[in-house]
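A short write-up of the structure that comes next.
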Amino acid sequence: MTKHEIILDPITRIEGHMGVHAVLDDEKRKVVESHCYSTMFRGFEKILVGREPSDAIFITQRICGVCPVVHAYASTLANDMALNAPPPPLAISLRDLTDCAELLYDHAIHLFQLAGPEYSEVILSKFNRSWIDKAREYRCEYKDIHGYSTMYDLLKALNPLEGQLYLYTLKLEREARKLASLLGAKHPHINTFVPGGMARKWGISETEKALSLIFVLAGLAKLTVAVWEDISKFLYDAINYDEVGIRAANLLCYGTVDDSESYNARYEDMDLWGEKRLFTPGVVINGELITTKLKEIHLNVRQDVSHSYYEKWDREIDEDLQGNKIAAEHPWNKDTIHKPQSRNWNGKYSWGTAPRWLKNGELYALEAGPIARLYVSALAGKAVVTSPWAEVKTGNGEIRISLPETKSEMLKPSLVEAREFKWKVPSLKLEDGTPAINTIERNKARAYCHAYYSAVSFAVIYNAISFIERGEIDVWKPFTKPNFSMGVGLNEAARGALGHWIIIKDGKIHRYQIITPSAWNISPKDHLDNPGPMEEAIKDTPITEESDPKNWTGIDILRIVRSYDPCLACTVHVFIKNVDYCKRKVIA
Amino acid sequence: MMQRNNSKNEIFNIIWLQSQTCSGDTISLLNAVDPSLLDVLSGQISNIPMVKLAFHSTIMTRWGIDHISLKMENIAKEWNAAVILDEAKEGKLDPFILVVEGSVENEEEAKKAGGFYCSLGEYNGRILYAEDYIKDLSERACAVVAIGTCASFGGIPAGRSNPTGARGVYDVLGHNWKSRMGIPVINVPGCPAAGDWQIQVLVHLLLSIKGILPLPELDEYNRPKFLYGQTVHVTCPNGIYYAANRLVEKFGEEYCVFSFGCRGPISYCPINKYPFVEGVGTCTSYGAPCIGCTMPEFPDEPYEGFLIQLPPTLIPPLEGVPIKTGVNKND
């Protein structure tokens, strides 16, 4: 057996700095081993210590310029809880809408500008030439929405910087950031999320402008589903791409988009308001829904640094404010001590840590992302989204999304008609029969999730309008800051489950920990040498490149990596202790 | 003296390096309109040279490939993203403008331990340290532009206690450093800088290099004065409320948010003149306090405690000091 090693670094068209090391079997044309790692470190959590708790809302957003709102949102939830500052209903709706606005560009930019080029005519004619012939003969099912009759035409439209779809969606995505800026004062990095509500004057003209943008963005959502439904079908039917990136369905979702009537920022009520979210929280193990209780999910999170450039830490607390035991490996107790060092595939090899989820003594490497969101909500059947314009129904392993007629000069005529889309839990299985997911399903779920958020944005603005009609126009409530407190903020970034944990002492941030979805997904091995989700998905994957091994570029590995939409700036931000060698020079 | 480049059909390459960054400036760049990034790249603006984005990790089609135990052949080699950086170093991409997004880490300690804080990739078994490439490519570049507060001044990674020794590009190269064309580092701060500000500076710079415009005048922090010449406060539509001492008691009220920490009076930023996305998005007029994200000291004092009112001693005389807070609410 001839094997050789490859390093893919930089992995472009993702956010941030990441590499993959893989051992390839040249004869069997498959991957035998892989390591995923992050290559940038800044030290955010160290920088947060000693500052005002609410400053974390502004600072943690700057972890990631692609998905700042979700960090602001998680940090605001952690602040609300720790400061006992529940917001008024209108503020909850406005926060939710800001969150939707970000997601409506974030899923699209990933599918059309970052991962999309992988499947474009330009790239395929270089690396998978035989796909092109098949694409010429493959008729698209959703031609009436996206306008391309053959797959070949569609793939040409995906070509980076010149394809029609690449350029058209790039323009529409700007409308989503415009909506986020309308609510957030600017985007990236919004200025309006504060503990206890929103720092935003909001009235009729703002609402009208937002609603108009929401309609335009629903047009983009229809396009996204149509394009990716057809690409997925093509990859299954014509290419047999099923095996690439396959992995058991072990999934994590914290749920997101709070219900403005139920959310009260109280730790003791977390399970109640968690289950009212418009995306349901949940953990799926081997295809089975284990729980939808947000507090149970939070209490069982663990972090491991056996293969990361950090050392072990001392615990801070024994229990939470309700008397639940808090493990030493739980993020409320974590205090990471960094140690840059040379890379060793058997030892330490990443700036990322290994988050795991504990159930009955077993540690699970759970995967986060749009597929986890849809999977959980489809199995749980608890999430209901209603509005006069759009709705979502969940349950029995299905999600039905209906989007309204969307007339706008921004939109192609084919995107005007009202549409209904249905997503089903994938029927994919591993050899032993375990329910599974793969690269195709991750991207497809992202497209449907985009449509789901689009429907949610209608429901959320409808709520906001109702509050304004009833005269409930307060966007903020005052609160008194305690000396000691703890908080947790869990929500969903575009890439999946995002958690912020805060401990306040003497009115200042004492500890702050963040576990991002990409930290779950690209995590290195843990102390039992169990791989992270992406490492597992890459291992054993077939190589479809139609060249000899010396010319391999690792594109199948990249398709797997990008199907997770990794965000590296998010992954590595961690706390360091006792390093103060370069004190900041004050310039002014 | 700046030597100007008058040749007609020259292509200018842009090498966009992302060091310790969140990529927020890149996303923000996509917000720019009239011209947009694509207008510039597709040559739709008269009088500026053809521009090619030769390296940009978030946007480019190619990626890094390093075969360890097998000699790499043509396709893999020519497709390799990391090669572009070495070609630029060797002068093969001249003339080029180096754009840096993100603060520059100090690798001294990490290198001693055999590690790194920020790598741009790996090629021929070498780690491409961001710090090294910024220094090396600056020597060949026509001009160096630091986009965003991190690249300009260090930003949040350089916030107390600055775990990685992060700092701005001009802190690394020297505040008086000049490129081979005699141009100092141009800082375009903002967290992030709005896309329109970025494009305005880049297009202005290209026109200057071509000899059509003089170089933009810079302030003491190397920021172009045409953008950063006024404070948020001076351009704020709520300034009149401040003058009348009408400050908000609760978020969401119509008045001035100075009482909730607004740093507008001490922050130089064009957001009120050039909002974030096609005229949408300004901080203070929407009722959100300015947090001073364009400023060299951000996120440390006097900006930290973003929602806590600024001490009167820090307010410049021009703006005057409100005597009381939270009074004169219309009721």
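The values are calculated or read from the model by the stated rules, or taken from the named source; none is laboratory data. Computed from a predicted structure; not experimentally measured. Positions of Cβ are backbone-derived with ideal geometry, glycine not excepted, and every protein chain shown enters the neighbour counts.
Scanning the stretch A:463-494 for residues that are among the basic types (Lys, Arg) and free of Cβ contacts under 8 Å to residues at least 24 places away in the same chain returns a single hit, A:470. Can you name the number of the only condition in (1) at pLDDT 95 or above; (2) farther than 30 Å from residue A:509 by Cβ; (3) not in a strand (DSSP E or B) that residue B:114 fails? So residue B:114 meets the others, but not (1).
Okay, residues lined up against (1) modelled with pLDDT of 90 or more; (2) touching a helix residue (DSSP H, G or I) at 6+ places or on another chain (Cβ under 7 Å); (3) of a type in the set (D, E, K, R):
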{"residue": "B:4", "(1), (2), (3)": "no, yes, yes"}
{"residue": "B:31", "(1), (2), (3)": "yes, yes, no"}
{"residue": "B:52", "(1), (2), (3)": "yes, no, yes"}
{"residue": "B:87", "(1), (2), (3)": "yes, no, yes"}
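One residue alone among A:74, A:82, A:115, A:108 is of a type in the set (A, V, I, L, M) and closer than 24 Å to residue B:286 by Cα, and that residue is A:74.
In the stretch B:117-126, is there at least one residue being within 9 Å of another protein chain (Cβ to nearest Cβ), over 14 Å from the mean Cα position of the chain (by Cα) and surrounded by fewer than 19 Cβ atoms within 10 Å (Cβ to Cβ)? Yes, the stretch B:117-126 has at least one match.
The residue of the stretch A:349-380 that is farthest from the other protein chains (Cβ to nearest Cβ), among those that are without any contact (Cβ under 8 Å) to a residue 60 or more places away in the chain and not acidic (Asp, Glu), is A:360. The residue that is nearest to the other protein chains (Cβ to nearest Cβ), counting only those in the stretch B:166-186 that are among the small types (Gly, Ala, Ser) and either in contact with a Phe, Trp or Tyr (Cβ under 7 Å, 6 or more places away or on another chain) or surrounded by fewer than 24 Cβ atoms within 10 Å (Cβ to Cβ) (or both), is B:168. In the set (1) surrounded by fewer than 22 Cβ atoms within 10 Å (Cβ to Cβ); (2) hydrophobic (A, V, I, L, M, F, W, C); (3) at negative phi, the condition left unmet by residue A:108 is number (1). Which one is surrounded by the fewest Cβ atoms within 10 Å (Cβ to Cβ), of the residues in the stretch A:156-181 that are within 7 Å of another protein chain (Cβ to nearest Cβ) and touching a helix residue (DSSP H, G or I) at 6+ places or on another chain (Cβ under 6 Å)? Among those that are within 7 Å of another protein chain (Cβ to nearest Cβ) and touching a helix residue (DSSP H, G or I) at 6+ places or on another chain (Cβ under 6 Å), it is A:160. For residue A:273, the conditions (1) under 30 Å from residue A:39 (Cβ atoms); (2) surrounded by fewer than 24 Cβ atoms within 10 Å (Cβ to Cβ) all hold with the exception of (1). Scanning the stretch B:174-189 for residues that are in contact with a helix residue (DSSP H, G or I) (Cβ under 6 Å, 6 or more places away or on another chain) and either part of a loop (DSSP other than H, G, I, E, B) or closer than 19 Å to residue B:136 by Cβ (or both) turns up B:185, B:189. The set of residues from the stretch A:183-200 being facing chain B (nearest Cβ under 7 Å) and touching a residue at least 60 places away in the same chain (Cβ under 8 Å) comprises A:187, A:188, A:189, A:191, A:192, A:194, A:197, A:198, A:199, A:200.
When the stretch B:229-243 is filtered for residues that are in contact with a Pro (Cβ under 9 Å, 6 or more places away or on another chain), part of a loop (DSSP other than H, G, I, E, B) and surrounded by fewer than 24 Cβ atoms within 10 Å (Cβ to Cβ), the ones remaining, listed by number, are B:229, B:230, B:234, B:235.
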